[in-house]
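The block underneath contains the structure these notes are about, expressed in structure tokens.
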Amino acid sequence: GEDVEQSLFLSVREGDSSVINCTYTDSSSTYLYWYKQEPGAGLQLLTYIFSNMDMKQDQRLTVLLNKKDKHLSLRIADTQTGDSAIYFCAETFGGSYIPTFGRGTSLIVHP
Amino acid sequence: KAGVTQTPRYLIKTRGQQVTLSCSPISGHRSVSWYQQTPGQGLQFLFEYFSETQRNKGNFPGRFSGRQFSNSRSEMNVSTLELGDSALYLCASSLALGGNEQFFGPGTRLTVL
């Protein structure tokens, strides 16, 4: 079955770059997503990438997709304390558009 | 444009009771999906509604049900509550069925005692 794996925690210093990693198992992935969840809030869609793309950049966010290794990453440049949150990777695959989510990576940004 | 709203934000129930949660999508959005978020299972898809019809359903027991009204507002109902139903229930709306951009509400935190 499908599976999306993420590391649970990442701690970075303010101003550094953060890289959050995700691996997935289904080779028929169509779209891959990154969501952000702040305490007490729902999920906010940050960006998504179609499976035939390798990279997508949006301001401080860079998404890299390695289809061969089934690896997705989210790079946040110049990380700020406001970036502290849980980041979820998700994929849709096959003919389904219902996303499968990873468990989330808790990003802690310290001064 | 107002975002997705969910009511109530917090709810405490006891085992065996039933509960109804409400979701109002973004104006113009016709698809509403529901998710359950727990520390143990993560985010799991419950069901999706479009044009007042359930279009997709996740792997949950029949105690979990929902409906959608003509104005696209949606409700989900959980009957005979169990302790394991304690979770954050998230609603998401999108313009159309299968829309890539889902917008999530803040969720309803349900605690079952």
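The values are calculated or read from the model by the stated rules, or taken from the named source; none is laboratory data. Computed from a predicted structure; not experimentally measured. When we count neighbours, we look across all protein chains shown, and the Cβ atoms used for this are built from the backbone with ideal geometry, even at glycine.
Looking only at residues in the range B:67-84 that are at negative phi and more than 13 Å from the chain's Cα centre (by Cα), which one is nearest to the other protein chains (Cβ to nearest Cβ)?
Only one residue tops the list, namely B:84.
For the range B:59-77, which residues satisfy the criterion of being over 13 Å from residue B:48 (Cα atoms) and charged (D, E, K, R)?
Within the range B:59-77, just B:63 meets the criteria.
Conditions first: (1) surrounded by 14 or more Cβ atoms within 10 Å (Cβ to Cβ); (2) over 21 Å from residue A:98 (Cβ atoms). Residue B:8 passes all but one, so which condition is the exception?
So residue B:8 meets the others, but not (1).
Pick out the one residue from A:63, A:19, A:109 that is touching a residue at least 60 places away in the same chain (Cβ under 8 Å) and β-branched (Val, Ile, Thr).
A:109
Checking the conditions here, which among B:58, B:99, B:40 is within 9 Å of chain A (Cβ to nearest Cβ), more than 18 Å from residue B:7 (Cα to Cα) and without any contact (Cβ under 8 Å) to a residue 24 or more places away in the chain?
B:58
Which residues, taken from the range A:94-111, are hydrophobic (A, V, I, L, M, F, W, C) and within 13 Å of another protein chain (Cβ to nearest Cβ)?
A:98, A:101
Residue by residue through the range A:47-86, note down the ones that are more than 11 Å from every other protein chain (Cβ to nearest Cβ), assigned to a strand (DSSP E or B), within 23 Å of residue A:108 (Cα to Cα) and not small (Gly, Ala, Ser).
Within the range A:47-86, A:57, A:58, A:61, A:62, A:63, A:64, A:71, A:72, A:74, A:75, A:76 meet the criteria.
Does any residue in the range B:15-29 that is over 16 Å from residue B:49 (Cβ atoms) come within less than 9 Å, Cβ to Cβ, of a residue that is in a loop (DSSP other than H, G, I, E, B) and β-branched (Val, Ile, Thr) six or more places away or on a different chain, and which pairs are these?
Hits for this filter: B:15/B:80; B:16/B:80; B:17/B:80; B:18/B:80.
Condition first: farther than 26 Å from residue B:13 by Cβ and of a type in the set (Gly, Ala, Ser). Now tell me which residues in the range B:62-100 satisfy that.
Hits for the range B:62-100 are B:70, B:72, B:94, B:96, B:98, B:99.
Looking at A:58, A:3, A:16, A:78, which is the one that is exposed (fewer than 14 other Cβ atoms within 10 Å of the Cβ), at pLDDT below 90 and acidic (Asp, Glu)?
One residue alone meets the criteria, A:3.
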